[in-house]
Amino acid sequence: EIRSRMVARDFKGHDKDRDDLFAETPPLEAKRILMSRAVTRRQDGKSRKLLFIDVRKAHLNSKCEEDIYVELPKECHCPEGYCGKLVNWMYGMRGAASAWERHYVNKFEEVGFKRGISCGVVFYHKERDISLVVHDDDFTVCGTEEDLNWIKDKMKSWYEVKVRAMLGPDSWDDKSVVILNRLLKWTNEGLEYEADPKHRNKILEYFGF
């Protein structure tokens, strides 16, 4: 799979310690909590499942509300002295990640999700009992199949998405997925969560195994 994308190169100015450039990433424990919830049966007896969705070209979704200009590549064949004004943020811009975070936070809050206090990229929908953890453009969701299909359709209406897997106990569910370079398997005994194969192989090679 080959990707080609125009990326800007943003330079630091005399603007140190800017809070508006900060974008959160969740701790691994947040995803482990979703895994624990997925194999914990609800009081009504319904099974929870895990949904994994990637948003394509995520940073390009958020509008750029600032006056920011970029030098255009020669392939644009623009006259000398011309530049481009950003309408949407581009990859490589320092404000892109935080703008993307604000964008999807607003989307999820509009449909009933409540944002976490200690970790701002963890969400919960009380009425539907849906838990959600976001890692940049990677969304991991825990809930019943009906509710996972509901939020999947919502996200498809907002973004261009790739549904990577829906793990669950039923025969039609997926049984494995690679998440953050870690292999997650749904088995009859529960969930198996393997370490990053690259790190494992480095340890094996170091000790001569």
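The values are calculated or read from the model by the stated rules, or taken from the named source; none is laboratory data. This is a predicted model, so every value here is computed, not measured. Ideal geometry is used to build each Cβ from the backbone, glycine not excepted, and the neighbour counts take in all protein chains shown. These accessible areas exclude ligands, DNA and RNA; they are computed on the full protein's heavy atoms, side chains included. Shrake-Rupley method; radii C 1.70, N 1.55, O 1.52, S 1.80 Å.
A few remarks follow.
- Restricting the first member to region 187-209 and to residues that are among the β-branched types (Val, Ile, Thr), and the second to residues that are exposed (fewer than 11 other Cβ atoms within 10 Å of the Cβ), the beta-carbon pairs closer than 9 Å and six or more apart or on different chains are 203/209.
- All positions within region 94-110 that are open to solvent by less than 20 Å² (accessible area, probe 1.4 Å) and more than 15 Å from the chain's Cα centre (by Cα): 95
- Criterion violated by residue 147 - all others in (1) open to solvent by 60 Å² or more (accessible area, probe 1.4 Å); (2) part of a helix (DSSP H, G or I) satisfied: (1)
- Among the residues making up region 185-209, those that are charged (D, E, K, R) and either open to solvent by less than 70 Å² (accessible area, probe 1.4 Å) or outside any loop (DSSP other than H, G, I, E, B) (or both) are 185, 192, 194, 196, 198, 200, 202, 205.
- Criterion (of a type in the set (Phe, Trp, Tyr), over 18 Å from residue 32 (Cβ atoms) and touching a residue at least 24 places away in the same chain (Cβ under 8 Å)) met by exactly one of 158, 172: 158
- Residue check for residue 94: farther than 20 Å from residue 150 by Cβ, of a type in the set (Lys, Arg) and assigned to a loop (DSSP other than H, G, I, E, B): yes
- Evaluation of residue 99 against (1) touching a Phe, Trp or Tyr at 6+ places or on another chain (Cβ under 6 Å); (2) not in a helix (DSSP H, G or I); (3) not aromatic (Phe, Trp, Tyr) (one fails), failing number: (2)
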